[in-house]
Structure formats: structure tokens, C-alpha cells
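The numbers here are math on the coordinates, done by the rules we state, and not lab data. Computed from a prediction, not measured in an experiment: that's the story for all the values here. Here the Cβ positions follow ideal geometry from the backbone for every residue, glycine too, while neighbour counts run over all protein chains shown.
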Amino acid sequence: MTAERARRRFVVRGVVQGVGFRPFVYTTAAESALSGRVSNDSSGVVIEVEGAPADLDEFERRLRCAPPPLAVVESVERAEIPVRGGTGFEIAGTTRGGGRTLASPDIALCADCEAELRDPADRRYRHPFVNCTNCGPRFTIIAALPYDRARTSMADFPMCDRCAREYHDPTDRRFHAQPIACSDCGPRLFYAGPGGGAPLAAARELLRAGGILAVKGVGGYHLACDAADAVAVAELRRRKRRGDKPFAVMAPDLAAAREIASVDAAAAALLTGPQRPIVLLPRAGRPLAEAVAPHNPDLGVLLAYTPLHTLLFGLPGDPVGPNVLVMTSGNRSGEPICFDDADARDRLAELADGWLWHDRRILVPCDDSVIRLVDGVESPVRRSRGYAPMPLALPAPIPPTLAVGADLKNVCAVADGRYAWLSQHVGDMDDLATLRAFGATERHLEELTGVSPTQLVADTHPGYRSTEWARRHAGNRPVRTVQHHHAHIAAVMGENGLGVTDTVLGIAFDGTGFGPDGAIWGGEILAAGYKGYRRLAHLAYVPLAGGDVSVHRPYRMALAHLWAAGIDWAPDIAAVAACPEAERAVLAHQFTSGLGCVPTSSVGRLFDAVASLAGVCHIVDYEAQAAIEFEALSRGADPGDTTYRFALDTGVDPAPIDPAPVIAAVVADAATGIPAATIGARFHAALARSVLETALAFAAPDRIVALSGGVFQNALLLSTTRQLLRDHGFTVLTHRRLPPNDGGLAFGQVLAAAAG
């Protein structure tokens with residue numbers, strides 16, 4: 001008498017291709033002597049498995065609860081099908097079916113592959129492209145799905161016999177690892193520049209000699225130099241026209257990172273995780289060249305995440321070279337990252353002294369991701385390599401949609417059904433090259449996800465290039481627009497899993513967003529849901545004269561706030577002294593007449609103003625420089641007993657939050673010699689208390705407050721505000737998977753457009 005048998009069909013959707021899922025299924029089935037087959041198709045992984053019902057139940061449990069480490073199982077569908085018999089389990093090829101699967105992000109070098117890279121007895125010893133199913137390039141080499149070698153840039157490299165055997169062996173770690181490679185089958189490494197010999201040896205010698213090296217990585221080119229060489233770092237800064245914007249630095253391992261920065265357990269987990277982002281950390285230990293991050297106590301640190309990076313630092317026996325490298329995007333400031341070899345040789349010709357590159361084509365450029373830890377919790381600054389194009393869940397199904405984001409820190413998104421896919425970081429859409437990069441990014445995202453948008457969504461700002469692009473490329477499709485700060489709040493709501501009917505008290509603080517009244521908003525208190533919002537309060541308007549001119553010269557915003565507060569422009573005020581006399585006269589006329597001015601409620605511009613009044617920063621070289629330096633100075637400072645207070649007038653709708661008392665207090669403190677750090681600590685505390693007071697005045701009974709907007713990248717403000725609100729019984733929603741800046745805006749646009 002034969003034992004009872006059953007046969008089941010499973011369809012597993014999610015990130016289940018290129019992550020070792022089929023070998024996992026094969027091994028799991030074999031352990032229980034189950035028969036059947038597994039294959040990939042366009043919907044994910046399809047499994048037919050037969051055996052004792054109890055064994056099938058355990059098989060299903062492991063599918064759902066214990067998949068491979070890089071897999072993300074979004075759903076498992078099960079169906080009972082007729083028993084067919086059989087004694088073997090096979091891994092079948094890929095078929096083209098209906099549905100949609102998800103592409104994996106690029107994954108950092110795993111421990112097993114690094115061990116092979118370092119082992120003289122291993123055939124992949126010192127191979128710059130070692131990888132397996134648990135690591136290596138994915139997103140940046142994929143042309144189309146399903147994810148097979150023929151649909152990646154690895155199609156250029158026929159596998160040698162030994163790699164082919166590994167590739168087809170279900171028990172091997174490299175079974176169906178599409179980027180599988182060795183020294184016999186490629187890719188190849190090349191060097192051009194001073195010196196000679198083997199490419200890596202020549203590149204290391206260039207770095208030791210103080211040169212600047214262009215390095216082709218996973219998602220594009222980097223520019224590298226010795227981070228301890230003051231002359232080299234200053235020269236890289238000059239060539240790249242970087243101003244004072246900090247450089248990121250790369251260390252070979254965690255021990256080296258701990259020599260230059262303070263690394264706690266949370267930071268160590270991020271630094272060594274599969275995404276390997278840049279992590280913003282306090283400086284500590286061995287100093288680097290001051291020009292790495294001028295006027296900034298933090299360093300952006302990442303660890304070597306490819307075998308090429310590991311070899312660039314050197315293995316035992318190699319000549320000793322730099323132990324920490326500046327590793328910054330291969331471009332001039334404001335341009336998209338170089339990823340095509342010919343383009344890189346042209347655009348980086350005046351920036352680099354030498355080139356280290358390979359012949360594996362990058363199909364999708366992808367900058368490094370940047371993460372900040374606030375109270376041990378991740379707060380993304382830029383979501384790109386290692387994270388894109390992982391999807392985010394939506395609270396309800398939506399039609400196929402393309403959201404084009406904003407003009408700064410642009411990220412676009414496509415959505416369909418219950419998921420939205422955000423692109424990698426595109427950049428600031430202020431030149432033709434970035435607009436072209438945006439178009440290529442948007443097309444590839446549609447191809448990768450299979451989403452064919454039937455509607456487009458853009459910001460309401462009439463001058464945004466992203467909005468213009470949407471209208472120009474819409475064809476007969478409708479273009480919806482979403483107010484900037486509503487999109488910010490919708491994004492943080494969606495990220496935190498709120499439902500379609502939920503509402504929050506939204507605090508949206510940033511630098512610039514177009515308001516429906518024609519003003520530049522940026523200090524907004526909103527009663528908001530996905531469907532709409534009502535403006536309850538806002539930072540009181542002050543005049544913004546000359547648009548971007550005032551953004552680049554914080555002293556102009558300081559004079560605007562002094563004027564609005566009725567405070568004379570005394571020449572001993574730091575911001576007044578920083579403004580040329582002729583410019584002061586022009587500003588006085590503009591403020592009085594309104595000529596060339598637009599009202600703004602921007603908290604970002606308020607930070608600029610107070611930083612200038614405190615004497616910290618009067619002219620900026622990069623976005624938010626004044627606020628970043630002001631926060632850095634304020635961190636850890638004692639505010640003392642003095643309390644700055646904003647004035648909230650709840651008798652007006654919407655209620656103005658008047659900064660005039662704070663401005664007056666800052667001027668008085670600065671006049672009596674109070675240190676800028678103390679002024680900064682008092683200002684941050686006052687702004688956090690203002691959020692609390694506004695929440696107490698306007699929050700709904702459920703007391704849910706959502707914080708979003710680029711100002712909340714400020715760790716001191718975010719930490720203080722969040723704690724104050726929690727201490728008073730509020731539930732606080734913040735960003736953990738998306739940046740609070742405009743890099744998360746497209747997700748909010750998707751949600752708001754779907755609900756409206």
C-alpha cells in the first residue's frame with residue numbers, strides 16, 4: 001500500500017531571481033525526497049512539487065519563512081494539482097509567462113567570494129570580478145527580465161568550461177549566477193595613465209604618488225585619491241569645482257573605518273551590510289586631509305564593496321598604499337555620473353591623471369546611497385545603489401502611473417497595482433545631460449517593471465523642468481499635479497503603511513516648494529491624507545529677493561528676516577556686515593517696494609538666515625551648506641537657560657508662526673558675544689518646541705504627526721522634535737526607507753494622484 005501523496009503548484013513573486021532561489025528550492029525539495037520541478041518566468045519562480053502532505057507543508061513553510069538571504073518574497077500562491085508521480089526534482093529553464101517579477105539591487109561582495117579573492121590556492125585569486133548568487137552586480141547590468149545572462153551585459157562574455165559547470169550545478173554556490181566569471185572568460189581590467197605594468201599595480205602606484213584616479217565601478221566611475229594627502233584632495237576639489245561640499249571616503253574594512261570615524265553597532269551593521277551605503281559618521285581617531293570635509297565634524301564613510309575596490313587597496317604582499325581613499329562620483333559637480341567608457345574618457349579628461357576600467361558594460365548608472373543614523377535609526381539621504389529598484393507597497397491598487405519627482409535630487413517612480421518602483425538617484429535637473437539621464441532612467445524602469453503608464457504625475461511648480469518633461473512626453477495621457485508639501489507628507493504616510501482613509505498632522509519643512517497662493521512654501525503644518533490637505537499653519541512670510549541669488553547668499557535671507565521683524569540693519573550684525581553696502585541699498589528698496597520679491601515661508605531659508613546672523617556662514621557653495629554647518633556646530637552645545645520662542649497666532653487661518661522673536665533673540669545674543677554653537681543649540685530647541693506647540697494646537701484626537709521635507713535631514717532637529725512629540729503622547733511618523741528630501745517625492749506623488 002502506497003503512502004498518501006499530493007502535488008502542489010507554487011508561484012513565488014518578489015525578488016526571487018538572481019538570488020539563489022532555484023537552488024534553494026532544489027535543495028529543500030531534495031532534503032524531503034520531493035519530486036517535481038522549478039523554473040523562472042516573468043511572474044517569478046514557478047514550482048511543482050510532489051510528496052507526502054506533511055513534507056509539502058514543511059516545504060511551503062520554508063518557502064515563506066526561510067528563503068535565501070537576498071530574496072524578498074512578496075507573495076506565495078498555492079494550488080493543488082493532480083499527482084503525476086516521479087522520483088526526481090529538476091531545475092528547468094526560464095519561460096516567458098505573464099505577470100511581473102522584481103529585479104534585485106546590486107549586492108556588495110560577500111564573505112565567501114572575498115575569501116576566494118584572497119586565497120592564493122583558489123582559481124579566482126585576485127580576480128576583480130568574482131561573484132556568486134549572493135553578491136555582485138544585478139540592477140546595473142540588467143537589460144530586461146526575466147533575469148538571465150543573455151539579458152544582461154554579461155552576454156558579452158561566453159562562459160569558460162569551468163564556469164559553465166558551476167553555473168549548471170544546482171549544488172554550487174554559483175548556480176545560475178548570471179555575472180559568473182573568472183580570469184579565463186572575462187571581463188578584463190585595463191589601465192591608462194602614468195607608469196606601466198599590470199593595471200591594478202599601476203593604479204595603486206598612481207594613488208601612492210598623489211595622483212587622481214578614475215575608477216570604473218558597478219554603477220559608474222568614481223574619482224579617487226589618497227584621503228590623507230592634503231595636496232591631492234585639494235587638487236581634486238579644484239578640478240571638480242566642488243567648493244566646500246564634503247567628499248565621501250572609502251576604507252578597505254571595518255577596522256580601517258574605525259580609525260577615522262566613530263562606528264557604533266548600528267553603523268557597523270550598515271557599513272558591512274549587503275547594500276554598503278555611504279554612512280555619515282562623526283570623525284574620530286586618525287585625521288584625514290581637512291579638505292575632505294571642510295567645516296564638518298562628520299565623514300561620509302563606505303567600505304570597499306566590489307572585488308576591484310578590495311584589490312585597489314591591496315592584498316598581503318602588495319606595496320603599502322593609501323588606507324583611506326576619497327571616493328567621489330566621476331563627474332563635475334552638478335553633472336550626472338559617468339558610466340560609459342568613451343564618455344568618461346572625454347568628460348573626465350581634465351579631472352583624472354589615470355583611468356582604471358573594465359569591459360563589462362554598465363547599462364544603468366547608479367550612484368552610491370547615503371544613510372544617516374539618527375538615534376540608531378536609519379534616515380536615508382540618497383536611495384540608490386543597493387536599494388533601487390526595490391519596490392514599496394501601496395495601500396490600495398492604482399492604475400499604471402509614472403511620477404516624475406522634483407527638480408532637485410530627482411528620482412522618478414512607476415507604479416501599478418499594489419507596488420511602486422523608485423528609480424536610482426538621477427540628480428539635479430538643471431542641465432541637458434541630467435534631463436537625458438532622466439529620460440533613459442524612466443525608460444529603463446518601465447522596461448524592467450513592465451509598467452506602461454496611463455497617467456503621469458508631476459509637481460505643481462510651473463517652472464520645474466520635471467513638470468515640463470512630463471507635459472512634453474505625456475502624449476494623450478493625462479498629467480496630474482500634486483502640491484510639493486502634500487507629496488512629502490503622502491510619502492511618509494505611505495512608507496509607514498497608513499491606509500487610504502487615514503489622516504495625519506503633517507509637518508513639511510524644506511527649502512522650496514510652490515504654494516497655490518504663488519508664494520514659496522517650506523514651513524507647512526498640514527491636515528493631510530492621500531486625497532488632499534488643508535493648510536493649518538505656516539512659518540510667517542518674509543520676502544525672498546532675487547530667487548536663487550538669496551539661496552546662495554544666506555546673508556540676504558538674514559536681512560529679509562531682520563526687515564520682517566522690524567530690526568535695524570546695524571553694521572555690527574554679522575549678516576549685515578557680510579552684505580556689500582550697494583547690495584544692502586538694493587535689498588532695502590526691494591523689500592519696501594516688493595520689486596523682484598516673492599513671499600516665502602521656508603524653514604530652510606530661516607536656517608540660512610540664523611546661520612548668517614550667528615556668523616557661521618554667509619555664502620554657500622552647495623545646497624544647505626549653511627544649515628549643515630550650523631547643525632554641526634550646534635550638536636552637543638548647551639543651550640543654557642535662555643529660551644527662544646516662536647509666536648503662534650491661532651486666531652488666524654492659516655495660523656502664522658512668527659520667527660521675529662527668535663530673530664531678535666539671536667541678534668541680542670550675538671551682540672553680547674554668545675558663541676554661535678550656543679545660539680545654534682537654542683535655535684534648534686526653539687524650532688522643535690514650535691513643532692510641539694503647533695501639534696498641541698492642531699493635532700487630531702489620534703495624535704499622529706508625520707515629519708517630512710529636507711530640513712528633517714538635520715539629525716539634531718529630527719531627534720529633538722521626535723522625542724518632544726513622543727514625550728507628549730504623539731505617534732511620530734518619519735522616513736526610514738526613503739529620504740525626507742525630494743528624493744522621496746515621487747512616491748508621494750504616486751499616492752496623492754491615485755487618491756485624488
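Quick rundown of the values:
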item: Approximate spin-label separation ARG118-ASP431, in nm, with each point projected 7 Å along Cα-to-Cβ; result: 4.0
item: Estimated FRET transfer efficiency when R0 is 56 angstrom, pair ALA92-ARG345 (beta carbons, to 0.05); result: 0.80
item: Leading residue at positive end of dipole, the chain (Cβ point charges), from VAL233, ALA388, ALA66; result: ALA66
item: Low-density loop cleavage sites - GluC sites (Glu not before Pro) in the stretch 272-379, where at most 10 other Cβ are within 10 Å (DSSP); result: GLU350
item: Estimated translational D of the stretch 204-261 in µm²/s (Stokes, Kirkwood radius over Cα pairs; 20 °C; 1.002 mPa s); result: 172
item: The stretch 203-236-the stretch 389-429 distance, computed between alpha-carbon centres (Å); result: 34
item: Full-extension gain in nm, LYS531 to ARG645, via 0.36 nm per residue minus C-alpha separation; result: 37.7 nm
item: Rounded to whole Å, sorted largest first: equivalent-ellipsoid semi-axes of the stretch 505-737, Cα gyration tensor; result: 28, 21, 15
item: Modelled FRET efficiency - R0 45 Å, ARG64 with ARG239, Cβ distances, 0.05 increments; result: 0.30
item: Alpha carbon Rg of the stretch 189-358, scaled by the compact-globule rule 2.2 N^0.38 Å; result: 0.96
item: Rounded to whole Hz, the Karplus (6.51, -1.76, 1.60) HN-Hα couplings of the stretch 85-92, x for glycine and proline; result: x, x, 10, x, 10, 10, 9, 8
item: Value at 222 nm in deg cm²/dmol, rounded to 500, when DSSP H runs of n ≥ 4 in the chain each add -39,500 (n - 2.57); result: -9500 deg cm²/dmol
item: Length released on extending from ALA144 to THR272, taking residue separation times 0.36 nm less the Cα-Cα span; result: 43.1 nm
item: Binned Cα-Cα distances of the stretch 640-707, short to long, each 10 Å bin given as a whole percent; result: 19, 44, 26, 10, 1
item: Rounded to 5, the percent of DSSP beta bridges in the chain classed as antiparallel; result: 75
item: If the convex hull is drawn through the Cα atoms of the chain, its volume per residue in Å³; result: 171
item: Unpartnered cysteines - no second Cys beta carbon under 4.7 Å - across the chain; result: CYS65, CYS113, CYS132, CYS163, CYS182, CYS225, CYS338, CYS366, CYS412, CYS579, CYS597, CYS617
item: Exposure proxy ranking, count of Cβ atoms within 10 Å, fewest first, for CYS579, CYS160; result: CYS160, CYS579
item: At most 15 other Cβ within 10 Å, DSSP loop - trypsin sites (Lys or Arg not before Pro), the stretch 593-689; result: ARG645
item: Sites ALA396 and ARG703, calculated FRET efficiency, Cβ-Cβ separation with R0 22 Å, nearest 0.05; result: 0.35
item: Base-10 log of normalised Debye intensity for the stretch 6-91 (one unit scatterer per alpha-carbon) at q = 0.10, 0.14 Å⁻¹; result: -0.20, -0.39
item: With Cα atoms, 0 to 90° folded angle of helix 554-565 axis to the chain main axis; result: 50
item: Full-stretch length increase - VAL83, ALA201 - with 0.36 nm per residue and alpha-carbon distance subtracted; result: 36.4 nm
item: Cα long-axis angle, helix 581-593 against the chain (0 to 90 degrees, to the nearest 10); result: 90
